[in-house]
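Structure first, commentary second.
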C-alpha cells in the first residue's frame, strides 16, 4: 500500500496494491501494522459504517467534537464519489482549507481523515456504496457540521448545484465562522 500525505497534515490518500488476473482481483484493504507504519500514528478503529446513495447526493460536512472526535478511513465499494475533508483544527496552518479525493470502486483508493476535520462526499455515479471505519463511537450530542457551500471554505464540488440532493439537516449547517469548535 502506498501512503500519500496531502497538503492537510495528517490526511492521507492510500493506494492499495491490487493483484489482478483472469479470475478477478485481490487486495489487502486494511492491515493494522501497515496502516500504523504508513500514517505514523496509532489509530484503533471501533466502528464500521456503510451507506448507499444515488447520483447527486451530498452527505456532509460532518464531524464529532471533543472527546467524541472521530478519525475515519473511507472508501467506495461500488460507484464513484468526490470525498472532501476540511481542516477545523484551530491552531492548524491549514485551518479552513480542504482536500478532495476521487474515490471509486475501480481505483480502490482510500482516504484517511484524522480527528479535527469535517468530512463529506458527493456521489458522482448513478449509485454508490460508501464504507468507512471510525476510531470512536458516534455521539449525538457531539455532532458538528459545516455548510457544504460556505463561501469562506469555497469547496469546488464540480457538480451542478441545482442537481444536488441534500438532507434538510445538512442544508442548514453553519458556516465556518459559526461552526462548533472541534475541541
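No lab work stands behind these numbers, since they all come straight from the coordinates. Model, not experiment: these values are computed from the prediction. We place every Cβ from the backbone using ideal geometry, glycine too, and count neighbours over all the protein chains shown.
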_Cβ crowding within 10 Å averaged over residues, with 158-166, 70-78 ranked highest first_ = 70-78, 158-166
*Take the alpha carbon atoms of the stretch 132-170, find their center, do the same for the stretch 27-66, and report the distance between the two centers in whole angstrom.*
16 Å
_Can you order the peptides 127-136, 140-149 by their average number of other Cβ atoms within 10 Å per residue, highest first?_
127-136, 140-149
*Could you order peptides 12-19, 168-175 by the average number of other Cβ atoms within 10 Å of their residues, highest first?*
12-19, 168-175
